[in-house]
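**Q** Can you keep this structure in mind? I'll have questions shortly.
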Amino acid sequence: MKRFWKWGLPVLLTIGLWGCSEQAAPQAQPAPEAKQETPHQNTDESVAKQTVYPLTVKDATGKEITFEKAPERIVSTSPAETEILFALGLGEQIVGVSDFDDYPAEATKKPKVGGVVKPNEEAILSQSPDLVIGGISMDKPIAEKLQSLGLPIYITRPNSVAEIMDNILLMGKITNKQEQAEAIVSQMKLDIERVTEAVQDLGPEEMKKVYLEFAPGWTVGKGEFMDELITLAKGINIASDTTGWNQISEEKIVQDDPDVILYAKGLVDQNTGKNLEEIIVTRSGWEKIKAIQEKQVFGMDENVMSRPGPRITQGLIEVAKAIYPDRVK
C-alpha cells in the first residue's frame with residue numbers, strides 16, 4: 001500500500017515505525033521491569049506460566065503501573081503494539097486501535113481512536129479501557145490527562161531487537177499470555193539464528209556496505225533497531241558513524257559508494273509523484289554508485305522492517321536476503 005510523503009519524517013516514523021519524538025529521537029530506555037507478588041512457589045509448568053496479580057511493571061518513561069488482573073479492554077495507539085496484541089491472541093480484548101493500524105487484517109475492523117502522536121482522548125474514553133498502550137510519541141498532555149482519569153497508560157520505546165523481544169514477553173506477562181509470548185520470541189530467535197549462521201564466516205573483506213533510505217533524504221545510524229538489522233545481517237551501515245535518524249549528504253553517499261541500497265517500498269513523494277526508488281536512482285551523480293550500477297537496489301516492506309513487533313525478524317531475513325542472496329535463501 002502506498003503512502004504519501006506529506007507529513008515529514010517524524011510523523012511518518014510514528015506511523016510506520018514505533019513513535020519517535022517529534023523533536024528528536026529519544027535516548028535508549030532501560031528494559032521494562034516487572035515485579036509481582038508470589039504467594040508460594042509451584043513447580044507445575046502450567047501454573048508457572050500464569051501471571052500472578054497484582055503485577056507492577058515499569059514502562060519506557062519510568063512510570064510504574066500496577067495491574068490487579070489481566071486487562072480485558074485494551075486500546076492500542078501504536079501499530080507495532082497492536083501487532084503484538086493480536087499475535088498473543090488478544091483480538092477479542094482489543095477495543096480500539098490507531099487510524100494507521102493495518103495488520104493483521106482484523107485490526108482494520110476495530111474502532112479507531114485517532115493518531116499515534118495525538119490520539120483522540122474522547123474516542124479512547126468511550127471504549128472504557130483498562131489498558132491503553134502507546135509509543136513514546138503519544139502527546140504528553142494527552143497521556144497525562146488519561147492518567148489523571150485513572151486509565152493505566154503503558155508507553156513503549158524499544159531500541160534494539162532484544163528490547164523488542166523483552167517488550168513482547170512483558171506484554172505477555174501483563175495480559176496473562178506468557179506461553180504465547182514465549183512461543184513468539186522463540187520463533188524470532190530462530191529467525192535471528194538462521195541469518196547469523198548463514199553469514200557468520202564472512203570475512204571483513206567480504207562484508208558489503210549498505211545504505212538505507214527509509215524516507216526521502218533520511219537514513220538511520222546507530223542506536224536504532226533498523227541499524228541493528230543491517231549489522232545482524234553482517235552488512236556495514238555506511239551511516240554507522242551517526243546516531244539516530246539523520247538527513248543525508250548526497251555527496252557523502254556517493255563517496256561511501258554502497259554495494260547495496262535498501263529503501264521503503266511503496267513510499268511516494270506527494271510533491272513530485274515519484275516513488276522513493278525513482279528518487280534514489282535519478283539523483284545527480286548517484287549513477288556512479290556501485291549499488292545503482294549493478295542494480296542492487298531493493299525495496300523493503302516498510303511495516304515489516306520498521307515496526308518493533310513480532311515481524312521484525314522477518315524484516316531481518318529480508319534485509320539479509322537483499323545483501324547476501326547467495327547465503328540467505
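**Q** Sticking with the crude label model, points 7 Å out along Cα→Cβ, report the distance from Gln187 to Glu106 in nm, one decimal please.
**A** Each label point lies 7 Å from its Cα, and together they span 1.4 nm.
**Q** Counting alpha carbon pairs within less than 8 Å and at least 6 residues apart, what relative contact order, in whole percent, applies to the chain?
**A** Details: 627 pairs, mean separation 59.3, N = 329.
Dividing the mean separation by the residue count of the chain yields 18 percent.
**Q** Which log10 I(q)/I(0) values, to two decimals, does the chain give at q = 0.14, 0.16 Å⁻¹ under the Debye formula with one point per Cα?
**A** For the chain at q = 0.14, 0.16 Å⁻¹, log10 I(q)/I(0) is -1.09, -1.34.
**Q** Roughly what would the spin-label model give for Lys118 and Asp257, points 7 Å off Cα along C-beta, in nm?
**A** In this crude spin-label approximation the distance works out to 4.8 nm.
**Q** For region 206-263 and region 272-317, write down the distance between their C-alpha centroids in whole Å.
**A** A separation of 11 Å, based on Cα centres.
**Q** Moving on to the next point. Ranked highest first by average number of other Cβ atoms within 10 Å, how do 110-121, 126-137 line up?
**A** Most protected by this proxy first, the peptides run 126-137, 110-121.
**Q** Given an 8 Å cut-off on Cα distances and at least 6 residues of separation, report the relative contact order of region 202-323 as a percent.
**A** Values: 207 pairs, mean separation 32.7, N = 122.
For region 202-323, the relative contact order is 27 percent.
**Q** Compute the signed sum of charges (Lys and Arg +1, Asp and Glu -1) over the other residues within less than 14 Å, Cβ to Cβ, of Asn176. Write out the running numbers ahead of the final one.
**A** Working: positive: Lys49, Lys69, Lys173, Lys177; negative: Glu68, Glu72, Glu92, Asp130, Glu179, Glu182.
With Lys, Arg at +1 and Asp, Glu at -1, the net is -2.
**Q** Which helices of the chain meet both criteria: a Cα extent of 30 Å or more along the helical axis and a mean Kyte-Doolittle score no lower than -1.0, with helices taken as whole DSSP H segments?
**A** The qualifying helices are 178-199.
**Q** Can you flag which of Lys140/Lys173; Lys63/Lys110; Lys290/Lys321; Lys208/Lys274; Lys208/Lys321; Lys252/Lys290 are past 23 Å Cα-Cα? Could you put the intermediate results ahead of the total?
**A** On the way: Lys140/Lys173 26 Å; Lys63/Lys110 28 Å; Lys290/Lys321 18 Å; Lys208/Lys274 28 Å; Lys208/Lys321 12 Å; Lys252/Lys290 14 Å.
Check vs 23 Å cut-off fails for Lys140/Lys173; Lys63/Lys110; Lys208/Lys274.
**Q** I would also like to ask the following. Return the distance in nm (one decimal) between the two label points of a simple spin-label model at Thr231 and Ser126, each offset 7 Å from Cα along Cα→Cβ.
**A** 4.5 nm
Each value in this text was obtained by applying a stated rule to the coordinates, not by laboratory testing. What you are looking at is a predicted structure, and each value in this text was computed from that prediction instead of being measured. Positions of Cβ are backbone-derived with ideal geometry, glycine not excepted, and every protein chain shown enters the neighbour counts.
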